[in-house]
Amino acid sequence: MNIQTKPNDLAAFWMPFSANRQFKKAPRLFVEAKGVHYITDDGRRVLDGTSGLWCVNAGHCRPKIVEAIRKQAETLDFAGTFQMGHTRAFELANRLTAIAPKGFEHVFFTNSGSESVETALKMAIAYHRAKGNAAKVRLIGRERGYHGVNFGGTSVGGIGGNRKMFGTLVGGVDHLRHTHDLSRNAYARGEPEHGAELADELERIVALHDASTIAAVIVEPVACSTGVLIPPKGYLKRLEAICRKHDILLIADEVITAFGRLGTPFAADYFDISPDLITTAKAITNGTIPMGAVFVKSHIHDAFMNGPEWMIDFFHGYTYSGHPMACAASIGTLDTFADEGLLTRAAELAPYWEERMHALKGLPHVIDIRNIGLIGAVEFEPDPAQPGKRAFDRFVQAFEQGLLVRQTGDIIALSPPLIITKDEIDQLFDIFAKVLKTAN
Ligand code: PMP
């Protein structure tokens with residue numbers, strides 16, 4: 001047996017959502033992280049302008065979280081939650097429902113955002129069945145929506161590039177139009193003025209299929225992965241009202257927006273909407289251990305508890321649902337959020353953040369700037385010959401200058417850890433502005 005390995009050979013790891021051939025010629029590798037910084041394998045400090053992948057809301061390697069994980073590893077490494085349990089999972093569920101928007105009294109644990117989405121979609125269909133409405137099975141997503149990569153999430157998702165390799169996907173899915181409209185809303189600060197009426201598309205879909213066939217609508221309150229598409233004023237409330245009218249469940253996919261990103265614990269608080277299910281992951285453990293959770297309103301949960309005899313309960317779950325290590329990490333995370341007021345800190349920083357974001361206006365090729373909470377995006381004029389290249393070049397140059405940003409298409413998104421200081425916000429924008437001024 002050949003047990004020799006080459007630690008620096010990058011071939012074996014087939015990286016997700018990456019242009020592997022390109023990356024491996026010029027890799028970007030981290031070896032450490034602390035607070036708002038990463039350290040690269042060649043010893044450079046890089047300011048984390050994206051909270052990892054939108055998940056490290058409390059900053060990196062936080063002591064309470066590290067300690068909680070260490071202790072848990074020594075005490076109870078694994079216990080399942082099928083027909084048995086462990087105390088940490090119940091403790092965490094109670095802690096989570098205490099900070100959730102009103103009416104969310106139950107939590108179903110998963111291991112990722114994608115799994116939370118699958119769980120919520122299946123729960124919605126099974127809920128209607130439990131209520132005797134077995135024909136309510138259709139699912140409605142949105143163009144430019146991102147709901148993870150499993151079959152259901154890819155199907156309700158609205159990204160052509162993510163769908164086209166995978167055949168027909170799940171049937172019975174429709175998509176609302178996205179709300180991104182630079183002709184009316186360019187350079188909006190916070191929620192754009194125009195486009196609430198796009199929610200009425202749901203009425204068109206209801207007219208086409210009949211409400212008796214539709215189970216749920218799933219939307220990201222802010223569609224982050226496809227370039228920070230902020231809902232127009234009133235859009236989400238209008239969508240909610242149409243869902244209510246037709247007994248269609250509203251699923252808010254808050255995998256990114258939950259846990260303080262907008263300056264409120266959840267985006268449902270920010271937009272004053274009351275969905276039926278909320279999907280979460282990422283910052284629930286500050287990115288440290290994979291975990292997701294679906295927040296469930298009582299009327300959904302109770303429909304299963306009081307459902308027909310054959311149904312017994314919700315036949316769904318994962319070996320690692322409520323994994324003790326993830327629960328401990330999440331409890332350490334919630335303690336850190338509470339100690340430092342992080343669930344509302346973005347609200348304090350948002351005005352400063354907004355000013356610095358919009359000061360980038362006028363730099364070469366910039367065609368839009370948008371912001372909400374501690375999220376921002378800069379959109380570049382597309383080069384038709386090379387879609388996405390402008391933003392990608394700026395992402396690479398920012399990295400070389402010591403700043404991590406996130407590129408998607410012709411857009412660069414920013415979402416630093418919520419512990420960032422104003423001085424560090426200045427550093428972030430100083431580097432970013434320099435890159436935008438000098439890039440081709
Ligand atoms: N839903 C949304 C809104 C997301 O932003 C993401 C991840 N960016 C997911 C689902 C999928 O999460 P994961 O990558 O943890 O499966």
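Brief remarks on what is shown
- Residue check, D313 acidic (D, E), in the same structural domain as F82 (by TED's automatic domain parsing) and part of a helix (DSSP H, G or I): no
- Out of F13, F17, F23, sole residue that is farther than 20 Å from D335 by Cβ and within 16 Å of the ligand (Cβ to nearest atom): F17
- Unmet criterion (only one of (1) outside the structural domain of S330 (by TED's automatic domain parsing); (2) part of a loop (DSSP other than H, G, I, E, B); (3) of a type in the set (D, E)) for E32: (2)
- Failed criterion for I312 (all others in (1) farther than 18 Å from N94 by Cβ; (2) of a type in the set (V, I, T); (3) within 13 Å of the ligand (Cβ to nearest atom) hold): (3)
- Residue that is out of contact with any helix residue (DSSP H, G or I) (no Cβ under 8 Å at 6 or more places or on another chain) and of a type in the set (S, T, N, Q), where the choices are S274, S298: S298
- Listed by position, the helices (runs of 4 or more DSSP H) enclosed by region 78-168 that each have at least 1 residues that are more than 16 Å from the ligand (Cβ to nearest atom) are 87-99, 113-130, 160-163.
The values are calculated or read from the model by the stated rules, or taken from the named source; none is laboratory data. In this text the structure is predicted, and so the values were computed from the model without any measurement. Heads up, the Cβs are rebuilt from the backbone with ideal geometry, glycines too, and the neighbour counts pull from every protein chain shown.
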